[in-house]
Each structure stands twice: as C-alpha cells, then as structure tokens.
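Asks: Mind looking over this structure? Questions follow.
The values are calculated or read from the model by the stated rules, or taken from the named source; none is laboratory data. Because the structure is predicted, anything quoted here is derived from the model rather than measured. Positions of Cβ are backbone-derived with ideal geometry, glycine not excepted, and every protein chain shown enters the neighbour counts.
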Amino acid sequence: MGFLLASACASSPATPPGGESAEAKREQPVASEDAAPPVTEVPSYLEPNYGEAGYAHVTEADMPWRIAIAYPRNSPKYGSRRDARNAALDGMRLWEEAIQEHVPWFELEFVLEDPKAPVQIEWKRRTTGSAQGRAGYVCDVVDGKRRIGGRMEIAIRASPTSQPLGVPEVRLLVAHEFGHVLGLGHCLECDSAMNYAWHTQERILVTPTDMRTFLELLAEPNRCQGEAG
C-alpha cells in the first residue's frame with residue numbers, strides 16, 4: 001500500500017485510497033523559525049481524515065494499541081541508539097498520558113518487533129524530500145474486519161552529510177508524527193503538537209487544543225470498523 005501525503009500547511013482532508021484499506025499519510029518538513037506563523041489559541045483543528053466527510057480513529061476494541069518500534073541504525077546527536085528509542089517512546093507517551101485523563105481505556109503497548117502489530121515504526125536512513133518524519137493512520141483488513149493502525153518513518157539524519165537529530169528533537173518529531181497516526185492533521189496557527197515549527201520545541205507538546213480536537217475525532221462515526229464489504 002502506498003502513503004498519501006498531505007501538503008505541509010494547515011490541517012487538510014486526506015482522501016482514502018480504493019480497495020479494502022485506507023491510509024491518510026502526512027509528512028513533516030522542517031520549517032524555519034522565520035517562516036513560522038504566530039501561535040494562537042483555537043477551539044479545534046479537526047478536519048475529515050477519511051475522504052471528504054469521513055473519519056477514522058481508534059476505539060476501545062483496539063486497545064491496547066500495539067506498537068512495534070526497534071532500535072534505530074544510527075545514534076542521535078550526543079546520545080545512543082537506546083536513547084533515541086526511549087525518546088520516541090516518550091513522545092508517544094505524551095499523547096497516552098494526556099488522552100488517558102479523558103479516555104481511560106486508551107492504552108499503548110510497545111514491543112521491539114512484531115510484524116502483526118497494527119502500528120509499525122520504521123527508522124529510515126533518510127526520508128523523501130526534506131522531511132525527517134512521515135506518518136499516518138492505516139485502515140487495514142484483518143480476518144475480514146477493518147482494523148485501525150498506523151505507519152511512521154523517522155530519519156535521524158536527513159542526509160548522509162547532515163547533522164543527526166538530538167535526543168530532544170527525536171522526542172519532538174515522534175510526538176508530532178504520532179498525532180498523524182492518531183488521525184490528526186497539521187495546525188500551523190495552533191498551540192499544538194501538530195504545529196511543526198521547530199521554534200516551539202520548548203513548549204508543552206500535547207496541549208488542550210490537541211485534546212479537544214482528538215476528543216472531537218473520537219465522537220465522530222468511525223469509518224474504519226466492522227466487516228469489510
């Protein structure tokens with residue numbers, strides 16, 4: 001299955017591909033501080049993520065959400081391969097801790113390797129274009145039923161000659177990309193994990209704006225469940 005990439009702008013609807021599965025895939029380019037718009041408070045940045053008017057999201061039946069993430073091939077700046085993996089776990093746990101305050105059944109389970117895990121995270125030597133992260137949800141069919149999962153690609157180095165990401169940057173990047181795995185889009189004007197401007201990296205990453213948006217997503221009818229027709 002191929003990834004669908006959304007433009008690097010405010011959250012945009014993603015169109016699911018044909019067939020029995022659907023993916024909404026977005027990439028995160030590194031934005032310059034000078035080009036970043038001002039951060040403001042918005043009620044929500046929810047947009048349809050499954051076609052023009054549909055939504056896909058996790059449910060209690062998907063829990064615990066199993067995530068396969070190995071150690072990267074390359075070490076981050078001033079850190080080890082273990083440090084990079086732990087930083088990635090921390091980035092995803094930021095979402096887990098914030099969501100559990102409102103949705104107690106939400107639970108993540110991390111393993112080093114499991115090809116059947118619904119969420120797969122792959123460390124890449126480099127990714128397409130200038131982005132060092134790409135991610136999105138995946139609506140798969142397993143045993144005749146639709147199942148929500150996700151894919152994420154992370155490159156510690158943008159190119160063989162570039163400086164590697166530091167451990168805090170890995171945490172920031174994975175937190176942002178995991179928002180896409182959850183089905184959320186970008187919001188460049190928001191105080192949000194989904195504002196990818198690097199000048200915001202010292203902020204609290206998962207904010208009340210993110211929670212309002214995610215809870216609105218959970219309240220929508222889920223297109224990724226039930227029998228596959």
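Asks: Across segment 141-167, what is the total count of residues that are in contact with an Asp or Glu (Cβ under 8 Å, 6 or more places away or on another chain) and either assigned to a strand (DSSP E or B) or acidic (Asp, Glu) (or both)? Write out each step before concluding.
Replies: First, pick out the residues of segment 141-167 that are in contact with an Asp or Glu (Cβ under 8 Å, 6 or more places away or on another chain): 141, 144-149, 151-154, 167.
So of that shortlist, the ones also either assigned to a strand (DSSP E or B) or acidic (Asp, Glu) (or both) come out as 141, 145-149, 151-154.
Number satisfying all stated conditions: 10.
Asks: Here is a follow-up. Quick one: is GLU52 farther than 14 Å from TRP123 by Cβ, among the acidic types (Asp, Glu) and in contact with a Ser or Thr (Cβ under 9 Å, 6 or more places away or on another chain)?
Replies: On the way: farther than 14 Å from TRP123 by Cβ: yes; among the acidic types (Asp, Glu): yes; in contact with a Ser or Thr (Cβ under 9 Å, 6 or more places away or on another chain): yes.
Considered against the rule, which asks whether it is farther than 14 Å from TRP123 by Cβ, among the acidic types (Asp, Glu) and in contact with a Ser or Thr (Cβ under 9 Å, 6 or more places away or on another chain), GLU52 comes out as yes.
Asks: Here are the criteria: (1) farther than 16 Å from MET63 by Cα; (2) outside any strand (DSSP E or B); (3) at pLDDT 95 or above. Tell me which single one ASN195 does not satisfy.
Replies: Here ASN195 clears every test but (3).
Asks: Something else: Of the residues that make up segment 124-131, is at least one small (Gly, Ala, Ser), on the phi > 0 side of the Ramachandran plot and out of contact with any Lys or Arg (no Cβ under 9 Å at 6 or more places or on another chain)? I'd like the intermediate steps shown before the answer.
Replies: Here is the first cut: in segment 124-131, the residues small (Gly, Ala, Ser) are 129-131.
Those left that are additionally on the phi > 0 side of the Ramachandran plot: 129.
Narrowing the set further to residues that are out of contact with any Lys or Arg (no Cβ under 9 Å at 6 or more places or on another chain) leaves 129.
Yes, some residue in segment 124-131 is small (Gly, Ala, Ser), on the phi > 0 side of the Ramachandran plot and out of contact with any Lys or Arg (no Cβ under 9 Å at 6 or more places or on another chain).
Asks: Which of the numbered conditions does SER162 fail, given that it passes all the others? Conditions: (1) surrounded by 21 or more Cβ atoms within 10 Å (Cβ to Cβ); (2) small (Gly, Ala, Ser); (3) out of contact with any Cys (no Cβ under 9 Å at 6 or more places or on another chain).
Replies: Condition not satisfied by SER162: (1).
Residue-by-condition table, conditions (1) over 19 Å from the mean Cα position of the chain (by Cα); (2) of a type outside the set (Ser, Thr, Tyr):
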residue	(1), (2)
ASN74	yes, yes
ARG85	no, yes
GLU107	no, yes
VAL111	no, yes
TYR137	no, no
VAL141	yes, yes
GLY144	yes, yes
GLU153	no, yes
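Asks: Within segment 145-178, can you find the residues that are of a type outside the set (A, V, I, L, M, F, W, C) and closer than 13 Å to VAL119 by Cα?
Replies: ARG147, GLY149, GLY150, ARG151, GLU153, GLU177
Asks: Pick from GLU109, GLU113: which is surrounded by fewer than 22 Cβ atoms within 10 Å (Cβ to Cβ) and touching a Phe, Trp or Tyr at 6+ places or on another chain (Cβ under 7 Å)?
Replies: Details: GLU113 fails: touching a Phe, Trp or Tyr at 6+ places or on another chain (Cβ under 7 Å).
Of GLU109, GLU113, the one residue that is surrounded by fewer than 22 Cβ atoms within 10 Å (Cβ to Cβ) and touching a Phe, Trp or Tyr at 6+ places or on another chain (Cβ under 7 Å) is GLU109.
Asks: Listed residues VAL42, VAL58; which is among the β-branched types (Val, Ile, Thr) and at pLDDT below 95? Don't jump to the end; show me each part of the working.
Replies: Working: VAL58 fails: at pLDDT below 95.
None of the others qualify; the one that does is VAL42.
Asks: In segment 202-227, what residues are at pLDDT below 95, surrounded by fewer than 17 Cβ atoms within 10 Å (Cβ to Cβ) and either touching a strand residue (DSSP E or B) at 6+ places or on another chain (Cβ under 7 Å) or part of a loop (DSSP other than H, G, I, E, B) (or both)?
Replies: Selection gives GLU202, ARG203, ILE204, GLY226, GLU227.
Asks: Please determine, by comparing only the residues of segment 72-106 that are loosely packed, with under 15 Cβ neighbours inside 10 Å and among the hydroxyl-bearing types (Ser, Thr, Tyr), which one is farthest from PHE178 (Cα to Cα).
Replies: Going through the qualifying residues, I end up with TYR78.
Asks: Here is a list: ALA155, ALA197, ALA193. Which entry is free of Cβ contacts under 8 Å to residues at least 60 places away in the same chain and of a type in the set (A, V, I, L, M)?
Replies: Values: ALA197 fails: free of Cβ contacts under 8 Å to residues at least 60 places away in the same chain; ALA193 fails: free of Cβ contacts under 8 Å to residues at least 60 places away in the same chain.
After ruling out the rest, the residue left standing is ALA155.
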